[in-house]
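**Q** Below is a structure I'd like to ask you about.
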Amino acid sequence: MSASEGVSLPGNEDTTPPHEKHKQRAKKGKKKFRSAKESVPNAMDAKATASYFSLSIVGQIVSATFPLGPDKEFVFLRYELVAGPDWQLSSGPQHGLTQLATNRRGHFNEPIVFNMPIEVTYKSTSPFGWPQILVSVFGRSGLGRETLLGYAHIHLPVFGSRRPADQTEQLQAPILMPRCPSMMADITSWLLRREPELKDPKVLLDNLKCKGLSMESYGSLQFQLSTVMRGARKLGYHWHS
């Protein structure tokens, strides 16, 4: 009769005491629990692996300058932050509107001061579509009539200010005014007393789309912006100022 039929042969009996068998089973269960625990990835290690970099911008739209003076008594700005599809705005307003400002009490070509604060934070995985500020400049007459004075746009700086904290570094962007494509359109604009406007000012941000546009520059906007970037090197981006 073989051992497979359930008959125990001499010398094959399990002589282990019952309490020792219980300890061995408990140790085996602990080993299985440890192996299952080790297979779970550490949450701190997952957080340490960066999947994006952040870009924080702090500054202001300082002023507007018109060498020949503005066409209207009061001037105000509307700005919009535009970025590529991979960029996500984490904090801060995407649109903004300044107060009415004027330089009537001084010289006609003195800067028109706004000091509009800008504080935003973006996060992205690619520098493609770097954020830009698109500004529309409007003028208002004493009767309350508003007209377009031009557009201006500038890329957000890649690096922080290269000057000491006690010195201000300002960036300038030209104020571009659309021109009528033909003499008939120019006469119509003069009769209606309306300056030509772009249906979508964002075409100025794309060199291919704005090809063929007739623009005239007669002023400039002054910006004061500072940049703080985090996590770019973990993604393999190395920029040097």
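**Q** In Å², what does the accessible area per residue of the stretch 53-235 work out to with a 1.4 Å probe?
**A** 58 Å²
**Q** Consider just the alpha-carbon atoms of the stretch 53-235 and return their Rg together with their Dmax, both in angstrom.
**A** Rg and Dmax of the stretch 53-235, Cα atoms, are 17.8, 59 Å.
**Q** For G219, what residues show an amide H to amide H distance below 5 Å, using hydrogens built from the backbone and excluding near sequence neighbours?
**A** I175
The values are calculated or read from the model by the stated rules, or taken from the named source; none is laboratory data. Remember, it's a predicted structure, so these values are computed and weren't measured experimentally. Note: accessible area is taken over every heavy atom of the protein model, side chains too, but ligands, DNA and RNA are not part of it. Shrake-Rupley method; radii C 1.70, N 1.55, O 1.52, S 1.80 Å.
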